[in-house]
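Chemist: Before anything else, here's the structure in question.
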Number of protein chains: 4
Amino acid sequence: MPSQELTAIALNGTLKSSSAGSPSSTDRMLDLFEAELKKLNCTMERVRLADFNIKPGVSSDEGSGDQWPDIRRRIVAADIVIAGSPVWMGQPSSVIKRVLERMDAFLSDTDESGRMPSYGKVALVATVGNEDGAHHVSAELYQALNDVGFSLAPNAVGYWVGEAMGSTDFKDLDSIPEGVSTAVHMAAVCAVHMAGLLKQHPFPSVN
Amino acid sequence: MPSQELTAIALNGTLKSSSAGSPSSTDRMLDLFEAELKKLNCTMERVRLADFNIKPGVSSDEGSGDQWPDIRRRIVAADIVIAGSPVWMGQPSSVIKRVLERMDAFLSDTDESGRMPSYGKVALVATVGNEDGAHHVSAELYQALNDVGFSLAPNAVGYWVGEAMGSTDFKDLDSIPEGVSTAVHMAAVCAVHMAGLLKQHPFPSVN
Amino acid sequence: MPSQELTAIALNGTLKSSSAGSPSSTDRMLDLFEAELKKLNCTMERVRLADFNIKPGVSSDEGSGDQWPDIRRRIVAADIVIAGSPVWMGQPSSVIKRVLERMDAFLSDTDESGRMPSYGKVALVATVGNEDGAHHVSAELYQALNDVGFSLAPNAVGYWVGEAMGSTDFKDLDSIPEGVSTAVHMAAVCAVHMAGLLKQHPFPSVN
Amino acid sequence: MPSQELTAIALNGTLKSSSAGSPSSTDRMLDLFEAELKKLNCTMERVRLADFNIKPGVSSDEGSGDQWPDIRRRIVAADIVIAGSPVWMGQPSSVIKRVLERMDAFLSDTDESGRMPSYGKVALVATVGNEDGAHHVSAELYQALNDVGFSLAPNAVGYWVGEAMGSTDFKDLDSIPEGVSTAVHMAAVCAVHMAGLLKQHPFPSVN
């Protein structure tokens, strides 16, 4: 999937808004994805979800003050969507969960061929934590993302967690472990390949 | 991806072996997949896992008496792999879990380009139960299958469960609920489309 | 389990605030718990979480405007805590997830004997959905609640979901299915028994 | 609580049978539990599940050759049950899953007061892996064990996993990390306290 240009959007589900002033470990993992995607001719934009008023709900627009509709529009415009989440208590964050709930509306937002707005888009997961929980975060996000129409290429996650009961933040690691770099590279290569194919050859009608 | 012929293998993770003589609800769900796949020019074979001596372990061959190597060979030969499981306690069965553990060996069984034997294959999930648990079964199976290299097309599951605390078996339903037929149709159309694309355009090197 | 008086607090994690004006299915399940607990000499208060500004974070007080500290105080004053959540996409809601994240602070809020404020309190789960997901909701909530110090009596969940792909709301059922009433009764009896015992006989030092 | 003698049984869900001759990392974690329980006047016996022919199924006796009935008898005789599992693919092993399926039969094996054989018994989880997955293993085991009647005291798990993508076995660590020792100590103290209380004050009728 050669020189086709693709776009990605990364949703950072950290609990901290930018105004907190502290860097986000999830953002550091997204940096890795951005660099790998760029090499593959795919530009990535980022949304720090905690900076926006995304109202609870399962519709595409929850009314006055809801900032989801614009984020939704940008997701629909992208070829690849990266769900980023810190690990808390071994689970995805409430912030990324909210966004998945909002995408539940895709289920009834199909075209004349029965296809959701997410059909043909490829999802990736980026998750980091002090310790344990990345596999479960990816399991929950994969299932929710696939339920609302996203495709998954092999090894669709970039993750890091420390040893059990560890307290080191990913953002404070001196260097990126080689296993992490390799995993992000593989995930990006596969996602870009699949997204390119699906863009050129969209899913047929599912009616 | 038009008239390209594809093959599928369905792994039935029911706890009952064929010798028990009773039909399997998971098998009835697989019947639906087989019919849909056939319309799409994809033939499906079936393995009732409980009929075989699949030894516990995480290697490709656990030695004397282990019947996994032959099943593994058939999986590697297929384009689409369907992981079938009954729901017990809201979770996938121990029988399908064992097979996933055996596929863990794919991680170190890569070609010169770093690709597992499962790269380019598309996974589907088929799961049924008396009540509640299908989403979690698909979450666990999606994550394990994706970890060992399978791709997922949108809505990659066909499932049925009864109302909370229900006791009806899927095999005993008078007729297939329309929602189930629709879901299996969508899952099959998307999986076949993706498997065809990936067969013609394999994932590039991930080294 | 005599006449000792106990108190319970139910956290309703519905996505809808009271101002939406529509009844909550989760609330109907909590009605059942309230009635059973009352028979057992346990009074239950309710917090509709979406009515409050509970800031994202993992501390006990996230500063200006954060309404968590008062809810936290009420949780710490109760003997039994009921985590209520609708099922969305087979998973717990973002609203109840946020509250669990805030309780993560219990981990470092221990007394001189190493015991969290939740030690000796018993947790229950109440969850409802149109379809499938209750077992997984309880699994995630059990783990998170237990990690932050709550105890669980047998069968610690009251749940209802409809048949696969159903669309009926629990609040619209003509009558409560007998299995649901029975489950809530059992859950309440066991939780009250355990909470009474632990109140009289607190956990010893874990240092 | 005091000097009451209690008994525990640990179910080791490693994929390797004893005849493999290699030590089990899960066993090393169980050693820690055994030592802590002994200090609390609780003796622990161990069952290495892979050494037995535990047939797939959800009944208490699956017929000729099934070695579950004897293990079941020993579980029912114990006050505390420890579910031990290695982490594979971020999930519990197929071997421990099988045992949980067999305990599903407890649901219909109630006394005249509606209580399962597991009522009053306290469950613990012991899990280890090269990397990531312990929280999810405990979530799944907590839910399954609680569904079949076990109680959970606070912090009911002892676990260790290495850093993301690590490959070190727990059995090969030079020394036990202090966090692990502390967690096992806390889990044991709380479980013994609760099991003692519930033995002296059994759950009342739930009919």
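Chemist: For residues that are surrounded by fewer than 22 Cβ atoms within 10 Å (Cβ to Cβ), part of a helix (DSSP H, G or I) and not acidic (D, E), tally how many sit in segment B:167-179. Steps first, answer last, please.
Modeler: Residues of segment B:167-179 that are surrounded by fewer than 22 Cβ atoms within 10 Å (Cβ to Cβ), as a first pass: B:167-169, B:171-179.
Adding the requirement that they be part of a helix (DSSP H, G or I) leaves B:171-172, B:178-179.
Now narrow it down to the ones that are not acidic (D, E): B:171, B:179.
The total comes to 2.
Chemist: Keeping to segment C:139-169, report how many residues are facing another protein chain (nearest Cβ under 7 Å), under 14 Å from the mean Cα position of the chain (by Cα) and of a type in the set (G, A, S).
Modeler: Total satisfying the criteria: 6.
Chemist: Scan segment A:131-145 and tell me whether some residue there is among the charged types (D, E, K, R) and in contact with a Leu (Cβ under 8 Å, 6 or more places away or on another chain). Step through it out loud before you land on a result.
Modeler: Filtering segment A:131-145 for residues among the charged types (D, E, K, R) gives A:131-132, A:140.
So of that shortlist, the ones also in contact with a Leu (Cβ under 8 Å, 6 or more places away or on another chain) come out as none.
Within segment A:131-145 (the criterion being among the charged types (D, E, K, R) and in contact with a Leu (Cβ under 8 Å, 6 or more places away or on another chain)), the answer is no, since none of the residues qualifies.
Chemist: While we're here: Within segment C:96-105, does at least one residue satisfy the condition of being more than 11 Å from every other protein chain (Cβ to nearest Cβ), surrounded by fewer than 20 Cβ atoms within 10 Å (Cβ to Cβ), over 14 Å from the mean Cα position of the chain (by Cα) and acidic (D, E)?
Modeler: no
Chemist: Going by what's in this entry, would B:I80 be described as at pLDDT 95 or above and either in contact with a strand residue (DSSP E or B) (Cβ under 9 Å, 6 or more places away or on another chain) or surrounded by fewer than 17 Cβ atoms within 10 Å (Cβ to Cβ) (or both)? Give the steps one after another, and end with the answer.
Modeler: Working: at pLDDT 95 or above: yes; either in contact with a strand residue (DSSP E or B) (Cβ under 9 Å, 6 or more places away or on another chain) or surrounded by fewer than 17 Cβ atoms within 10 Å (Cβ to Cβ) (or both): yes.
So B:I80 passes the test.
Chemist: Looking only at segment B:178-207, count every residue that is more than 18 Å from the chain's Cα centre (by Cα) and within 7 Å of another protein chain (Cβ to nearest Cβ) and tell me the total.
Modeler: Residues in segment B:178-207 being more than 18 Å from the chain's Cα centre (by Cα) and within 7 Å of another protein chain (Cβ to nearest Cβ): 6 in total.
Chemist: For B:V128, indicate whether it is over 26 Å from D:M89 (Cβ atoms) and at the interface with chain C (Cβ under 10 Å from one of its Cβ atoms). Step through it out loud before you land on a result.
Modeler: On the way: over 26 Å from D:M89 (Cβ atoms): no; at the interface with chain C (Cβ under 10 Å from one of its Cβ atoms): yes.
It is false that B:V128 is over 26 Å from D:M89 (Cβ atoms) and at the interface with chain C (Cβ under 10 Å from one of its Cβ atoms).
Chemist: Checking the condition buried (at least 18 other Cβ atoms within 10 Å of the Cβ), over 20 Å from C:G90 (Cβ atoms) and not hydroxyl-bearing (S, T, Y), which residue from B:A164, B:A191 passes? Spell out how you get there, then give the answer.
Modeler: Numbers: B:A164 fails: over 20 Å from C:G90 (Cβ atoms).
Checking each option against the conditions leaves just B:A191.
Chemist: For the condition at pLDDT 95 or above, surrounded by 23 or more Cβ atoms within 10 Å (Cβ to Cβ) and closer than 21 Å to D:W88 by Cα, what is the one hit in D:L37, D:L11? Step through it out loud before you land on a result.
Modeler: Numbers: D:L37 fails: closer than 21 Å to D:W88 by Cα.
After applying the criteria, what remains is D:L11.
Chemist: Condition check: within 24 Å of C:M116 (Cβ to Cβ) and in contact with a Pro (Cβ under 7 Å, 6 or more places away or on another chain). Does D:F106 satisfy that? Give the derivation first.
Modeler: Working: within 24 Å of C:M116 (Cβ to Cβ): no; in contact with a Pro (Cβ under 7 Å, 6 or more places away or on another chain): yes.
So D:F106 fails the test.
Chemist: Shifting gears a bit: Report yes if B:L49 is more than 10 Å from every other protein chain (Cβ to nearest Cβ) and in contact with a strand residue (DSSP E or B) (Cβ under 7 Å, 6 or more places away or on another chain), otherwise no. Even if it seems obvious, please write down each step before you answer.
Modeler: Values: more than 10 Å from every other protein chain (Cβ to nearest Cβ): no; in contact with a strand residue (DSSP E or B) (Cβ under 7 Å, 6 or more places away or on another chain): yes.
No; evaluated as a whole, the condition is false for this residue.
Chemist: A further question on this structure: Answer with yes or no whether B:V184 is surrounded by fewer than 24 Cβ atoms within 10 Å (Cβ to Cβ) and hydrophobic (A, V, I, L, M, F, W, C). So that I can check it myself, show each step before the final result.
Modeler: On the way: surrounded by fewer than 24 Cβ atoms within 10 Å (Cβ to Cβ): no; hydrophobic (A, V, I, L, M, F, W, C): yes.
So B:V184 does not fit the description; no.
Per-residue answers, yes or no, for (1) over 13 Å from the mean Cα position of the chain (by Cα); (2) of a type in the set (D, E):
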| site | (1), (2) |
| --- | --- |
| B:I9 | no, no |
| B:D51 | yes, yes |
| B:Q67 | yes, no |
| B:D79 | no, yes |
| B:I82 | no, no |
| B:Q91 | yes, no |
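Chemist: Just a yes or no: is a residue in segment B:22-41 of a type in the set (V, I, T) and farther than 20 Å from B:P86 by Cβ?
Modeler: So in segment B:22-41, the residues of a type in the set (V, I, T) come out as B:26.
Subsequent filtering for residues that are farther than 20 Å from B:P86 by Cβ retains none.
No, segment B:22-41 contains no residue that is of a type in the set (V, I, T) and farther than 20 Å from B:P86 by Cβ.
Chemist: Then there is this: In contact with a Cys (Cβ under 8 Å, 6 or more places away or on another chain), away from chain B (no Cβ under 14 Å) and more than 30 Å from B:Q91 (Cα to Cα) - does that describe any residue in segment C:59-72?
Modeler: The first filter runs over segment C:59-72 and keeps only residues in contact with a Cys (Cβ under 8 Å, 6 or more places away or on another chain), leaving none.
No - not one qualifying residue is present in segment C:59-72.
Chemist: Among the residues of segment C:120-147, write down those that are in a loop (DSSP other than H, G, I, E, B) and either of a type in the set (D, E, K, R) or surrounded by 24 or more Cβ atoms within 10 Å (Cβ to Cβ) (or both). Give the derivation first.
Modeler: Initially, segment C:120-147 is screened for residues in a loop (DSSP other than H, G, I, E, B), giving C:120-121, C:132-133.
C:K121, C:D132, C:G133, listed by residue number.
The values are calculated or read from the model by the stated rules, or taken from the named source; none is laboratory data. This structure is a prediction, so every number in the text was calculated from the model and none was measured. Heads up, the Cβs are rebuilt from the backbone with ideal geometry, glycines too, and the neighbour counts pull from every protein chain shown.
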